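The values are calculated or read from the model by the stated rules, or taken from the named source; none is laboratory data. Source: prediction; values computed, not measured. Cβ atoms come from the backbone with ideal geometry, glycine included; neighbour counts cover every protein chain shown. The area values use the complete protein model at the heavy-atom level, side chains included, leaving out ligands, DNA and RNA. Shrake-Rupley method; radii C 1.70, N 1.55, O 1.52, S 1.80 Å.
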Amino acid sequence: MKSRAYAALAAKTDLVPYEFERRELGSNDVALDISYAGICHSDIHQVAEEWGPAIFPMVPGHEIAGIVTAVGTKVSKFSVGDKIGVGVFVDSCRACESCQKGLQQYCVEGMTGTYNGLERDGKTVAMGGYSNNFVINEDYAVKIPDNLPLDGVAPLLCAGITLYSPIKHWKVKPGMKVAVMGLGGLGHMGVKFAVAMGAEVTVLSHSPNKQADAIAMGAHHFVSTKDPANLTPLTKNFDLILNTVSAELNINDYLNLLTLDGTLVVIGLPGKPYEVHAGTLLNGRRSMAGSMIGGVPEMQEMLDFCAKHSIVSDVEVIKADYINQAYKRTVASDVKYRFVIDASTI
Ligand SMILES: [Zn+2]
Ligand SMILES: [Zn+2]
């Protein structure tokens, strides 16, 4: 299947128009026309080869929303014309305990990434969503409810599920005090989900100018972390802290904000290890945990939850020829709150 895309032809280079062939539709596959593809910070890391050796040419993009154009003979989940979403992975071993539990993101063999990797045949290079079309096994795609706009949905497939999954796992509910560290593409989804689940939500942000946005998204409190003294009154305050910050910081300052049995979940990926004082964990039986995207059943559950609560990502829709500029602005945190490529401009 012929495909138009934007690709990085080598590490650390600008993305340029690129054409290639996707694999043909298999009996369990679905073909889709991509409507929108979100720009995730991990796309930028991989194009820059900051996460180890990468495969070039690389078509990034793992926040994909589109319309089904063809289905294989054995497909039962989708019909032509359905709205469909694709996230961070397109396959996994299907046999391990994680896969059996629908937690494909934790597959013991490693999930098969949507791009910058080989598909499970061991030879087809996976090409991502900065493209006009896509082919995927139906088991790894999700249905997008009809009432949700595709541009705002695209970032839900990575940024959204990355926050939805820990919010569900740690059972956020009314009466809980939840803090979201960082108000970016990830954090703003955490605010929306935690608010929708009835928690009292505080945004802890380095950027005081984001206060109005945080409150508009439903946050109940906003605390600027520019002055660390602002954190002191919040000591032993939160049941759950969702840490979306990838910049280096003193994690103990934040662990101290957890109440008895509270958990700080690491979602952002800093370059250096955290230095955790054991005493900070012991005092209050606190936990520090991690969470990575979400599995296929949870992605579907999230989209259905979003349909019910009218939740989508705040997006800036761009044309494909703006991708390189959007990368620079994403690195500078100058986006409200996710860039989404209009795939009709590719
Ligand atoms: Zn992502
Ligand atoms: Zn597996």
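Please list log₁₀ I(q)/I(0) at q = 0.09, 0.12, 0.20 Å⁻¹ for region 89-218, using the Debye equation with identical point scatterers on the alpha-carbon positions. So the normalised log intensities are -0.35, -0.61, -1.18.
Label positions at residue 317 and residue 207, each projected 7 Å from the Cα along the C-beta direction, are separated by 2.2 nm. In straight-distance terms, cross-link reach from residue 328 covers every one of the aspartates and glutamates whose alpha-carbon lies under 17 Å from its own, apart from those fewer than eight places away in the same chain; here that gives 14, 43, 49, 50, 316. Comparing region 160-290 with the 2.2 N^0.38 Å rule of thumb, its C-alpha radius of gyration ratio is 0.94 (two decimals). Distances between placed amide hydrogens fall under 5 Å for residue 118 paired with 126, all partners being 5 or more residues away or on another chain. Treating r as the C-beta distance of residue 1 and residue 324 and R0 as 30 Å, the FRET efficiency rounds to 0.70. Over the residues of the chain, the helix contribution to mean residue ellipticity at 222 nm works out to -5500 deg cm²/dmol, using -39500 (n - 2.57) for each DSSP H run of at least 4.
Please state, as a whole number in µm²/s, the translational diffusion coefficient that the Stokes-Einstein equation yields for region 137-209 at 20 °C and 1.002 mPa s, with Rh defined as the Kirkwood radius across alpha carbon pairs. Please list the in-between numbers first.
Numbers: Rh = 13.4 Å.
Taking Rh from Cα pairs, D becomes 160 µm²/s.
Phi-derived couplings, Karplus 6.51 cos²θ - 1.76 cosθ + 1.60 at θ = phi - 60°, listed residue by residue for region 66-75: x, 10, 5, 10, 7, 10, x, 5, 9, 6 Hz, with x used for Gly and Pro.
Rolling a 1.4 Å probe over the protein heavy atoms of the chain, with every protein chain left in place, gives an accessible area that is 52 percent carbon and sulfur.
Output the 0 to 90 degree angle, nearest 10, between the alpha-carbon long axis of helix 159-169 and the longest principal axis computed from the alpha carbons of the chain. Between the helix axis and the principal axis of the chain, the angle is about 50 degrees.
Residue 344 to residue 139: FRET efficiency via 1/(1 + (r/R0)^6), r the Cβ-Cβ distance, R0 30 Å, to the nearest 0.05? All intermediate terms of the calculation are to be shown ahead of the outcome.
Numbers: r = 28 Å, r/R0 = 0.93.
Computed FRET efficiency for residue 344 and residue 139 comes out at 0.60.
Applying a 10 Å radius around every beta-carbon, put 153-160, 141-148, 59-66 in order of their mean neighbour count, most first. Please report the intermediate quantities before stating the final value.
Working: 153-160: 30.9, 141-148: 18.6, 59-66: 28.9.
Answer by packing, highest mean first, reads 153-160, 59-66, 141-148.
Which entries of 168/272; 12/77; 74/192 have Cα-Cα distances beyond 31 Å here?
Values: 168/272 28 Å; 12/77 39 Å; 74/192 37 Å.
Long pairs (Cα-Cα over 31 Å): 12/77; 74/192.
For region 1-160, the Cα gyration tensor yields ellipsoid semi-axes of 22, 19, 16 Å (square root of five times each eigenvalue, largest first, whole Å).
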